[in-house]
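Notes to accompany the following structure.
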Ligand code: PEP
């Protein structure tokens, strides 16, 4: 298993673009099969470094690349279970003022606890700031005490929802199947999904990160269509970097993002892979955001702790300038 994921990195994505046709199969089994085949093809051809080298140098020279420049650059905050309603509104209004004075060069989203959504959405309506929830139910409606449906989230004025966050997987036992259903309901109700994937420390230490992340993608997302994928944003969040102060190096992030894009190309086709935004999350801060965002496959960040202070979040947003 570890063998066939080695070498699937930034050159892998280029190789996939040249080698793979979109997989048309609809069943999960066939899709998994196509996914594995695509990785095997990458392995065989993974020693074509010139593709990656050209890509890197294009980006660092700020050459306009019509393909990578077409996908959205996004900085999204994840407030988690922090801030009461008044504190949340204060922060939203501070950010609104900061971005009105100095317009961002990327899309900006704040994902808040459910109780903040309607008021925060009102406060930032008509501005560049989008609003999202941090979760939604896997049921449409009914007797599910304490749950909040995708339709209810949408009715607050929110347009996004984070799904698959490692804290939901780890502390609330959210499985790939359950997440697939949440994604289905979120999309059906007009929400854009920020779908989180990422390996834990032991998996990285065992060299299994690509296998783990590839399976998370395949098991929750590969049954959707390329059209549906247009409303999905991916967030690669190595669990060992979340809230720990330990950031993945920009090379580690780029390798994984390129691998993820390769998986998307193998299943949904080259165009879908070029279009999808892949955010990095895990102790991202103003001091490291610029280096991370400079990588060709890193399209922005999902920000936890640093989204709770306007100056820090704005500092990360400014990394796109
Ligand atoms: C997160 O939980 O999504 C996250 C990225 O957290 P932090 O930035 O605090 O590591």
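The values are calculated or read from the model by the stated rules, or taken from the named source; none is laboratory data. Treat the numbers as computed from the prediction; the structure is a model and nothing was measured. Quick reminder, even Gly has a Cβ in these numbers, built from the backbone with ideal geometry, and neighbours come from all protein chains shown.
Summary of computed values
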quantity	calculated
Considering residues of segment 249-298 that are away from the ligand (no atom under 14 Å from the Cβ) and part of a loop (DSSP other than H, G, I, E, B) only, the residue farthest from residue 201 (Cα to Cα)	269
Top-ranked residue of segment 288-305 - restricted to ones that are under 24 Å from residue 93 (Cα atoms) and buried (at least 21 other Cβ atoms within 10 Å of the Cβ), ranked as farthest from the chain's Cα centre (by Cα)	289
Selection within segment 75-98 - in a helix (DSSP H, G or I) and out of contact with any strand residue (DSSP E or B) (no Cβ under 7 Å at 6 or more places or on another chain)	85, 86, 87, 89, 90, 91, 93, 94, 97, 98
Residue match in segment 94-116 (condition: under 18 Å from the mean Cα position of the chain (by Cα), closer than 21 Å to residue 228 by Cβ and within 16 Å of the ligand (Cβ to nearest atom))	yes
Test: residue 220 is under 23 Å from residue 133 (Cα atoms), in contact with a helix residue (DSSP H, G or I) (Cβ under 6 Å, 6 or more places away or on another chain) and touching a residue at least 40 places away in the same chain (Cβ under 8 Å)	yes
Residue list for segment 177-188, restricted to those being touching a residue at least 40 places away in the same chain (Cβ under 8 Å) and in contact with a helix residue (DSSP H, G or I) (Cβ under 8 Å, 6 or more places away or on another chain)	177, 179, 180, 182, 183, 185, 186, 187
Matching option when the condition is in contact with a helix residue (DSSP H, G or I) (Cβ under 8 Å, 6 or more places away or on another chain) and surrounded by 22 or more Cβ atoms within 10 Å (Cβ to Cβ), among 117, 89	117
Scan of segment 270-287 for residues that are out of contact with any helix residue (DSSP H, G or I) (no Cβ under 7 Å at 6 or more places or on another chain), within 20 Å of residue 315 (Cα to Cα) and surrounded by fewer than 19 Cβ atoms within 10 Å (Cβ to Cβ), ordered by number	287
Residue in segment 127-141 that is under 15 Å from the mean Cα position of the chain (by Cα) and not in a loop (DSSP other than H, G, I, E, B) present	yes
Residue match in segment 137-151 (condition: at pLDDT 95 or above and under 24 Å from residue 73 (Cβ atoms))	no
